[in-house]
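The structure appears right after this line, and notes come after that.
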Amino acid sequence: MLEAGPDEHTLIERVQHGDAEAFEILVQTYEPRLLAFLAKTTGSPDMAEEVAQETLVKLFFKAHTFRFRCSLFTWICEIALHTFFDLRKQRRRWLKKHQVADLGEPCRAPDHSPGPAEKAERFEVDEIVRSAIAQLSPDHQMVILLREIQGASYDEIATVMNCSVGTIESRLFRARQKLRTILTPLLESHEL
Amino acid sequence: MNCKTCQPLLSRSLDGLLVEAEQSDLENHLEACPACRKEWETQKKIQHLLHSLRDPMTARSVLPAVRLRLGDEEARRLWYDDLERLARRFVPVAAVLFLALSAFALFSTWNRLSRAPEIEWLVAQNGLEAVEPYSDLSEIVPEEPDGVPDSSIPIH
Ligand SMILES: [Zn+2]
């Protein structure tokens, strides 16, 4: 299951001993992938940056707990998702308290897809898909996002979530059934 | 294979985890069962939607912010370390002082409540009844006659 090459292995070990220089190299290696994963997951560059920042700070202080039983990136994604769920919960609580509707966040820069109409529709579909995922339980969100966005294997997801492969299989099955129930109207209305 | 056993296989098939025999069983069932075939098509569409979620690609590097945060965290940790070292040095001293004070308080309370051994010896020697401390002093001190001042006290 170990995917880290010898160099990366050494690098992680150095970070585990508090080596700030090794940590910088690790961040430079993983930051673009982490930001892309978070931008897809959150749909917001601002949220992606906030979560990434929090995740990388946690990574530095939690590095000594990494046991090389899954790829480092899957482990980073798991920390990032927990961080995202917490931040989103805090934000929703704040919005509820101040009675502000959560309108989401617009993309900072336009995407490079063909036409404005198609772009708007894809944006809308993406938002519906993200909000469908957000309606799942945190465990189901975790398995769906790690599997479908990160591409982690069942073994890796089981390792980071500290449960059996059978549990992951059953969570994925249930999460997919729930997503199907939530997304059926979208699939019918958009003829996707 | 029936519809109930087909469902979990659909999920594993989406991840390409079925062995050849399972895959062929599933395909046979899907060919014969329109309901499961519809479910399979829907699940494939949802997987496609998830895989094609767009990455806005406008997120900026957070490394400078992380560096700052780590510096702050490091400073805070050093401050906590100092506090911990200070506590580690002073806690034993405080504990010893506390124990000494408690022992002293206990000893003085016990001393006040119990009779001194010399008094016990005197009582035993003279065959006296044990008397409570501060009992009627008239038994020991002779009474003065009314109105006559004590001439034994010199007046200066
Ligand atoms: Zn069927």
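The values are calculated or read from the model by the stated rules, or taken from the named source; none is laboratory data. All figures in this text were calculated on a predicted structure; none of them were measured in a lab. Here the Cβ is made from the backbone with ideal geometry for all residues, glycine too, and neighbour counts use every protein chain on show.
Residues are listed down the side, and each one gets a yes or a no for (1) in a loop (DSSP other than H, G, I, E, B); (2) at the interface with another protein chain (Cβ under 10 Å from one of its Cβ atoms); (3) at pLDDT below 90; (4) in contact with a Lys or Arg (Cβ under 7 Å, 6 or more places away or on another chain):
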{"residue": "A:Glu3", "(1), (2), (3), (4)": "yes, no, yes, no"}
{"residue": "A:Glu13", "(1), (2), (3), (4)": "no, no, no, no"}
{"residue": "A:Thr29", "(1), (2), (3), (4)": "no, no, no, no"}
{"residue": "A:Ala39", "(1), (2), (3), (4)": "no, yes, no, no"}
{"residue": "A:Glu49", "(1), (2), (3), (4)": "no, yes, no, yes"}
{"residue": "A:Lys62", "(1), (2), (3), (4)": "no, no, no, no"}
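Go through region B:1-23 and report how many residues are surrounded by 11 or more Cβ atoms within 10 Å (Cβ to Cβ), more than 12 Å from the ligand (Cβ to nearest atom) and more than 14 Å from every other protein chain (Cβ to nearest Cβ).
1
For B:Thr42, state whether it is within 16 Å of the ligand (Cβ to nearest atom), more than 23 Å from the chain's Cα centre (by Cα) and at the interface with chain A (Cβ under 10 Å from one of its Cβ atoms).
Yes, satisfied.
Could you tell me whether any residue of region B:51-58 is in a loop (DSSP other than H, G, I, E, B), without any contact (Cβ under 8 Å) to a residue 12 or more places away in the chain and of a type in the set (Asp, Glu)?
The answer is yes, given that some residue of region B:51-58 is in a loop (DSSP other than H, G, I, E, B), without any contact (Cβ under 8 Å) to a residue 12 or more places away in the chain and of a type in the set (Asp, Glu).
I'm trying to understand the selection: among the residues of region A:155-168, which are of a type outside the set (A, V, I, L, M) and either surrounded by 21 or more Cβ atoms within 10 Å (Cβ to Cβ) or facing chain B (nearest Cβ under 7 Å) (or both)?
A:Glu156, A:Thr159, listed by residue number.
So which residues in region B:24-34 are in contact (Cβ under 8 Å) with a residue 12 or more places away in the chain and either away from the ligand (no atom under 15 Å from the Cβ) or closer than 24 Å to A:Glu148 by Cβ (or both), if there are any at all?
Within region B:24-34, B:Leu26, B:Leu30 qualify.
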